[in-house]
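Undergrad: Here you go, one structure.
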Amino acid sequence: MKQKHAVVIGAGFAGLSAATHLAINNFSVTLLEKNDSPGGRARKFESQGFTFDMGPSWYWMPDVFEDYFSHFGKKPTDYYELIRLDPSYSVIYGKDDVLDIPANLNEFKARLEEIEPGAAVQLDKFLAQAKYKYQVGIHDLVKRPSRSLMEFASLALVKDVMRMDIFQSMSSHVRKFFKSDKIIRLMEFPVLFLGGTAGNIPALYSLMNYADIALGTWYPKGGMHEIIKGMVALAEEKGVKIQYNAEVEEIEIEQGEAKRIRLTTGEKIRTDVVIAGADYHHVDKHLVNPKYSNYSEEYWDKRVLAPSSLIFYLGIGKKLTNLRHHNLFFDEPLAPHADAIYTNPRWPEAPLFYACVPSVTDGMVAPANMENLFLLIPLAPDLEDSEEMREKYYEMIMDRMEEITGQEIRSHVVFKRSYALSDFKADYHAYKGNAYGLANTLKQTALLKPSLKNKKVSNLFYTGQLTVPGPGVPPSLISGYVVAKEVIRENS
Ligand SMILES: Cc1cc2nc3c(=O)[nH]c(=O)nc-3n(C[C@H](O)[C@H](O)[C@H](O)COP(=O)(O)OP(=O)(O)OC[C@H]3O[C@@H](n4cnc5c(N)ncnc54)[C@H](O)[C@@H]3O)c2cc1C
C-alpha cells in the first residue's frame, strides 16, 4: 500500500504518542512543534545547576506507561529508571499536623485507623470498587474513541457503566465510606488531577484512589522530562521527523479535506492527514477557516476548564527540612478556594498549594547541598495575571511554608522564576491560560467531550488533554494511541 503522509501538530505527550503509533503503521510522519524543545506542558529548563520540570511531577499509573512502550516492543526502563516514592506524599493539615502517606498498604491502613477507627475495613471495601473501576476504566473505557453511542452499547458494558458510579459524585461516594474530615480530604485529593472538585467529578474516578494507594507514586530519575526524552528517542527511531520552532499558522482545507500545513515562516507541507495535538480551541478557532470550525466560541466559553496555575521554580541554596518530595498544603479549607476557581472566578483569599522538592529523591536536579523547589497554586482560568499578583501570592505562601515547616526559605533563594496564565497562553496557545485542559465533569465525559474528529473535514483529527479521554499524562498518552487507531482504521 502507498505510504501516506501524516502531519501531527504539537510535541506534547499526545502528539508524540500519535506520531509514533502512526509511524509503525506505514505512515511517514512529520511532527511540528512551535517551541524549541519537545514535551509541551512537560518541558524542562535548566539554570544555575538546577533542572526544573515545568509541569507534571506526579508519575501515577505505571501500567499505562508500560502499555505505551510495549506497543513498540519496549519498556519504560529502556529509557529511564523508576523509583517508587515512600512516603508517596505528605499532607500538611497544619503546623505539627502532617500525614505521611506510606507506600505500604498495611501501614497506610494503620495510619487511617489511628484517625478513624474502622477506616481500614472501609478502605478495603472502597478500594475493591476502585480497583474494578480502574480495570474497566483504564484498560477499556478510555481506549474508546467516543464517536458513537454504539461503542458503549453492549449489555456487559451497560451493566459495567452502572457499576462504575458515573451518576454519583466523588464527594457523596467518599462520604459513604469515611466520616473523618482528614480522610475525606485525602480521598478527594486525587480528583484535583482531573480538573474538578469532588462535588462535580463522577465517582467513577475513585479509580484514581486505586492508582494512588495501590499502584503508588513513582519518580523517573532525572525528572519527568526523562519520559519525554524516551518518547522522542523512540519516535525518531521509528522514523518520525520532528521539526522544532515550527509554528503552524494555518491548516489549508479544500472541499472538506486538509491539504497543506502552512507555518508562520511561510513554509508549506503537503499532507494526507492531520492530527492536531495543540490546544483544541486554538486549532478550532485559529488554524482552520471558520467555516470548518467544529464548535462555536459560545460552546467553548461554556466548557468547564481545568484550573490554570501560578508556579514558582526556585533554587534554594541550602537543604530544607520537614518537606518530602510531594507536599500538599491543606492547611486552609478547600471550599473557598474551589469557589474562587469554579464558581466566582477570582484570585483566592487563602489558597491551598503544592510544593514539590524532587531533590529530596534525586541529587541530579540541584547542585550539592541545595534544593529544587517547585510551588504551585491552582487558579481559575482567564484571571488577570500580573507581576504584582504573582509576588503577593509568593509572599503569602512563603509565610505559611516557613511558619509550618519551621525554617527560613526566602532568604536562601538563589534562583527564582514564576510562570502563570500569560505564560501558558504565550507558550502553548492555551485557551484562557488553562494548565491542563478540560475538567472531567459528568457533562464532559466520553461522547460529551470535544470530538477527536472534525465533523466537516474528512482528514482532520484532534488529540490531547482537551479531547478524549481527558487531562493528565496517562490520558494524553492514551489519547494519542486512540486517535492513531482511528486514523489507521479510516485509511486501511
Ligand atoms: C503545571 C502542571 C502540572 C501538571 N501535573 C501533572 C502531574 O503531576 N501528573 C500528570 O499526570 N499530569 C499533570 N499535568 C497534566 C499533563 O501535563 C498534561 O495533561 C499533558 O502534558 C498534556 O499533554 P498534551 O500533549 O495534551 O498537551 P501539551 O503538552 O500542551 O502539548 C501540545 C503541544 O502543542 C504545541 N503547539 C501549540 N500550538 C502550536 C502550533 N500552532 N504549532 C505547533 N505546535 C503548537 C505546544 O507548544 C505543545 O508543545 C500537569 C500540567 C501542568 C500544566
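The values are calculated or read from the model by the stated rules, or taken from the named source; none is laboratory data. Computed from a predicted model, the values in this text were never measured in an experiment. Glycine also receives a Cβ, built like all others from the backbone with ideal geometry; neighbour counts cover every protein chain displayed.
Undergrad: Here are some conditions: (1) touching a strand residue (DSSP E or B) at 6+ places or on another chain (Cβ under 9 Å); (2) closer than 18 Å to residue 283 by Cα. Residue 426 meets all but one. Which one does it not meet?
TA: (1)
Undergrad: Condition first: near the ligand (Cβ under 6 Å from one of its atoms) and more than 19 Å from residue 72 (Cα to Cα). Now tell me which residues in the range 1-34 satisfy that.
TA: 9, 10, 32, 33, 34
Undergrad: Given the criteria within 30 Å of residue 247 (Cα to Cα), within 15 Å of the ligand (Cβ to nearest atom), more than 16 Å from the chain's Cα centre (by Cα) and buried (at least 21 other Cβ atoms within 10 Å of the Cβ), does residue 353 qualify? Before you say what the answer is, go through the steps one by one.
TA: Values: within 30 Å of residue 247 (Cα to Cα): no; within 15 Å of the ligand (Cβ to nearest atom): yes; more than 16 Å from the chain's Cα centre (by Cα): yes; buried (at least 21 other Cβ atoms within 10 Å of the Cβ): yes.
Spelling it out, it is not the case that residue 353 is within 30 Å of residue 247 (Cα to Cα), within 15 Å of the ligand (Cβ to nearest atom), more than 16 Å from the chain's Cα centre (by Cα) and buried (at least 21 other Cβ atoms within 10 Å of the Cβ).
Undergrad: May I pose another question? What tally of residues in the range 467-488 results from selecting those that are near the ligand (Cβ under 10 Å from one of its atoms), over 12 Å from the mean Cα position of the chain (by Cα) and aliphatic (A, V, I, L, M)?
TA: 0
Undergrad: Can you find, within the range 235-265, the residue that is farthest from the ligand (Cβ to nearest atom) among those that are surrounded by fewer than 23 Cβ atoms within 10 Å (Cβ to Cβ) and in a helix (DSSP H, G or I)?
TA: 237
Undergrad: Also, I was wondering about something else. Out of curiosity, is residue 99 in a strand (DSSP E or B) and either free of Cβ contacts under 8 Å to residues at least 24 places away in the same chain or in contact with a helix residue (DSSP H, G or I) (Cβ under 8 Å, 6 or more places away or on another chain) (or both)? Let's see the steps before the verdict.
TA: Details: in a strand (DSSP E or B): yes; either free of Cβ contacts under 8 Å to residues at least 24 places away in the same chain or in contact with a helix residue (DSSP H, G or I) (Cβ under 8 Å, 6 or more places away or on another chain) (or both): yes.
Criteria met by residue 99.
Undergrad: Further question: For the range 175-207, name all the residues that are more than 16 Å from residue 117 (Cα to Cα) and in a loop (DSSP other than H, G, I, E, B).
TA: 195, 196, 197, 198, 199, 200, 201
Undergrad: Kindly indicate the residue of the range 431-466 that is on the phi > 0 side of the Ramachandran plot, in contact with a Leu (Cβ under 7 Å, 6 or more places away or on another chain) and at pLDDT 95 or above and also farthest from the ligand (Cβ to nearest atom) among those meeting that condition.
TA: Looking only at the range 431-466, we keep the residues that are on the phi > 0 side of the Ramachandran plot, and these are 432-433, 437, 446, 464.
The next check asks that each one be in contact with a Leu (Cβ under 7 Å, 6 or more places away or on another chain); those that pass are 432-433, 437.
After this cut, where a residue has to be at pLDDT 95 or above as well, the list is 432-433.
On the way: 432: 13, 433: 10 Å.
Looking at residues that are on the phi > 0 side of the Ramachandran plot, in contact with a Leu (Cβ under 7 Å, 6 or more places away or on another chain) and at pLDDT 95 or above, I get 432.
Undergrad: Taking the conditions exactly as written (assigned to a helix (DSSP H, G or I) and farther than 23 Å from residue 250 by Cα), does residue 425 satisfy them or not?
TA: Details: assigned to a helix (DSSP H, G or I): yes; farther than 23 Å from residue 250 by Cα: no.
In short, no.
Undergrad: Something else: Do we have any residue at all in the range 405-421 that's within 12 Å of the ligand (Cβ to nearest atom) and out of contact with any strand residue (DSSP E or B) (no Cβ under 9 Å at 6 or more places or on another chain)?
TA: no
Undergrad: Can you go through 37, 90, 57 and tell me which one is within 26 Å of residue 351 (Cα to Cα), within 11 Å of the ligand (Cβ to nearest atom), surrounded by fewer than 23 Cβ atoms within 10 Å (Cβ to Cβ) and among the polar types (S, T, N, Q)? Give the steps one after another, and end with the answer.
TA: Values: 37 fails: within 26 Å of residue 351 (Cα to Cα); 90 fails: within 11 Å of the ligand (Cβ to nearest atom).
That would be 57, the only listed residue that is within 26 Å of residue 351 (Cα to Cα), within 11 Å of the ligand (Cβ to nearest atom), surrounded by fewer than 23 Cβ atoms within 10 Å (Cβ to Cβ) and among the polar types (S, T, N, Q).
Undergrad: What tally of residues in the range 445-480 results from selecting those that are crowded, with 24+ Cβ neighbours inside 10 Å and of a type in the set (S, T, N, Q)?
TA: Of the residues in the range 445-480, 5 are crowded, with 24+ Cβ neighbours inside 10 Å and of a type in the set (S, T, N, Q).
Undergrad: Hey, could you check the range 16-62 for residues that are β-branched (Val, Ile, Thr) and touching a strand residue (DSSP E or B) at 6+ places or on another chain (Cβ under 9 Å) and say which is nearest to residue 318 (Cα to Cα)?
TA: Initial filter on the range 16-62 (β-branched (Val, Ile, Thr)): 20, 24, 29-30, 51.
Still in the list and also touching a strand residue (DSSP E or B) at 6+ places or on another chain (Cβ under 9 Å): 20, 29-30, 51.
Numbers: 20: 42, 29: 46, 30: 45, 51: 16 Å.
Among them, the one singled out is 51.
Undergrad: If I ask for residues that are within 13 Å of the ligand (Cβ to nearest atom) and assigned to a loop (DSSP other than H, G, I, E, B), which ones from the range 60-87 would you list?
TA: 60, 61, 85 - these are the residues of the range 60-87 that are within 13 Å of the ligand (Cβ to nearest atom) and assigned to a loop (DSSP other than H, G, I, E, B).
Undergrad: Step by step: first the residues of the range 211-234, then only those that are buried (at least 16 other Cβ atoms within 10 Å of the Cβ) and more than 15 Å from the ligand (Cβ to nearest atom), then the one that is nearest to residue 138 (Cα to Cα). Which residue is that?
TA: Step one: list which residues in the range 211-234 are buried (at least 16 other Cβ atoms within 10 Å of the Cβ), which gives 211-213, 215-220, 222-232, 234.
Okay, now just the ones that are also more than 15 Å from the ligand (Cβ to nearest atom), so 213, 222, 234.
Working: 213: 16, 222: 27, 234: 23 Å.
Taking the candidates together, the pick is 213.
Undergrad: I'd like the full set of residues that are more than 16 Å from the ligand (Cβ to nearest atom) and in contact with a strand residue (DSSP E or B) (Cβ under 8 Å, 6 or more places away or on another chain), limited to the range 295-321.
TA: Those that are more than 16 Å from the ligand (Cβ to nearest atom) and in contact with a strand residue (DSSP E or B) (Cβ under 8 Å, 6 or more places away or on another chain): 315, 316, 317, 318, 319, 320.
Undergrad: Need the failing condition index for residue 229 against (1) closer than 17 Å to residue 42 by Cα; (2) at pLDDT below 95, just the number.
TA: (2) is the only condition that residue 229 fails.
Undergrad: List every residue pair whose Cβ atoms sit under 7 Å apart, with the two residues 6 or more apart in sequence or on different chains, where the first one lies in the range 120-143 and is farther than 22 Å from residue 448 by Cα and the second, anywhere, is outside any helix (DSSP H, G or I).
TA: As it stands, the answer is 122/178, since those pairs meet every condition given.
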